Amino acid sequence: NASAQFSLGLMYLDGQGVVQDDRQAVTWFRKAAEQGHATAQNNLGVCYAKGQGLPQDYQQAYAWFSVAAANGYADAIKYRDLSAQQLPPTQLVEAQALATRYFEHSRPK
């Protein structure tokens, strides 16, 4: 259940009812994101952009923000664009290809 997985991610991110654990938050956001949960996709992008619970990676952030935006999470557009500013042109092209691949496998179910 993507909504339940997303909620678990939030609980771990904020330490609500569980010990705060950014890595666990990322794990649960990813599970929900891969099932097409747009807010989880956005939150996964935020974790990559901040290096929260995993190494900072603007390509991954860009890709997940792009998928979230394509799945209807409008605020992800500004975050995607900010991530794009952190990438040289060749890495941006790679991030766009990642976004396409992720979108094909992470559509809402």
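The values are calculated or read from the model by the stated rules, or taken from the named source; none is laboratory data. All of these numbers come straight from a predicted model, not from anything done at the bench. When the accessible area is computed, the model is the full protein with side chains, heavy atoms only, and any ligands, DNA or RNA have been set aside. Shrake-Rupley method; radii C 1.70, N 1.55, O 1.52, S 1.80 Å.
How much length would be gained if the chain were fully extended between K50 and D21, taking 0.36 nm per residue of separation minus their Cα-Cα distance, in nm to one decimal? Write out the running numbers ahead of the final one.
Numbers: separation 29, 0.36 × 29 = 10.44 nm, distance 1.47 nm.
In short, 9.0 nm is gained.
Using just its DSSP H runs of length 4 or more, each adding -39500 (n - 2.57), the chain gives a mean residue ellipticity at 222 nm of -22500 deg cm²/dmol after division by all residues. For the stretch 3-109, the alpha carbon positions stretch 42, 28, 20 Å along the principal axes, listed from largest to smallest.
P(r) for the stretch 27-76, please, calculated from all Cα pair distances in 5 Å bins and given in %. Result returned by the calculation: 5, 30, 33, 24, 8, 0. The mean sequence separation of alpha-carbon pairs under 8 Å and at least six residues apart, normalised by the residue count of the chain, gives a relative contact order of 23 percent.
Roughly to the nearest percent, how much of the accessible area of the chain is carbon and sulfur, given a 1.4 Å probe? Walk me through the numbers on the way to the answer.
Working: 2910 of 5800 Å².
C and S fraction of accessible area: 50 percent.
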